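S.K.: Below is the structure I would like to discuss, written out as structure tokens.
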Amino acid sequence: MSKIVIGPQSGMNWFPLSETEIPCPQTMSLVEDVRTWAEEYLTATSPDLGRDGPVCPYVGPSLRRDLMWVGRIAGVHPWPSYVRLVIDDALELFESLPPQDGGGAVLRVLITAMPDLRDFSLIDNLHSELKSRFVERGLMLGQFYPGCKEPGLWNKDFHPLDSPIPMIAVRSMMTTDFPFLLGRPEWMTAYVKKFAPSLPAHVRRVVVGRLTESSNLDVPAYELLEAEQDSAATPTRNGRPVQLGPRKAS
């Protein structure tokens, strides 16, 4: 069983999802709710997802290896400065979470939940303010709350961040995060540095410049061919089907 993670500045306790004995009943209930949501939604398939497989393919392995932690910030109106302090702790602590090497390192997730929160602009504002700091470290900061309209990669009408519990999640950056990082050169710089570290710095600058110079953030690699659904209506080029309906990168 993973150990409790404690924020050195905020005093926040992040409990492993496997924890079954938590003195605070509200926190125990929260951990159970997050675990249920992860097991029943994130590891399940959805006809609206736009691709085969679970909503998040990494959650199942993460749960099996006990690499998800949850902390609770109480109150309908938590102090933004305290929430920011908690997220600062999450940034500093994340890279020290076990395991730091091997395949399990990319399965670690540190979740800060605010179950009583009703004004979700706090989450959006903190996400916008702090995302760059996490991306610089090779990490991703995700916002989740009821009604979150961020579109999915495979189907813009599917909203994977629409969750029953307001929360901010920290995880490792993946190669598949490319579309989420095209919006700013510094994000793409961190992405290329992480996944192509052997490239000289001047080459990375050229690559990032080429990737971000266009205002068109469509990512064709994430599109689905519609030939199976309506082969007669699928246009072709040189005898090959053309990908349709580009999705916007988030």
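S.K.: Can you give me the number of residues within the range 182-208 that are in a loop (DSSP other than H, G, I, E, B) and not charged (D, E, K, R)?
M.R.: Of the residues in the range 182-208, 7 are in a loop (DSSP other than H, G, I, E, B) and not charged (D, E, K, R).
S.K.: Then there's this: Of the residues in the range 150-168, how many are modelled with pLDDT of 95 or more, surrounded by fewer than 21 Cβ atoms within 10 Å (Cβ to Cβ) and within 17 Å of K131 (Cβ to Cβ)?
M.R.: Of the residues in that region, 1 qualify.
S.K.: Tell me, which residue of the range 178-191 that is in contact with a helix residue (DSSP H, G or I) (Cβ under 7 Å, 6 or more places away or on another chain) and surrounded by 18 or more Cβ atoms within 10 Å (Cβ to Cβ) is farthest from V59 (Cα to Cα)?
M.R.: T189
S.K.: Sticking with this one: Name, by its number, the condition in (1) in contact with a Leu (Cβ under 8 Å, 6 or more places away or on another chain); (2) surrounded by fewer than 19 Cβ atoms within 10 Å (Cβ to Cβ) that does not hold for S132.
M.R.: For S132, the exception is condition (1).
The values are calculated or read from the model by the stated rules, or taken from the named source; none is laboratory data. What you see is a predicted model; the values in this text were computed from it and never measured. Positions of Cβ are generated from backbone atoms using ideal geometry, with glycine treated the same way; all protein chains shown enter the neighbour counts.
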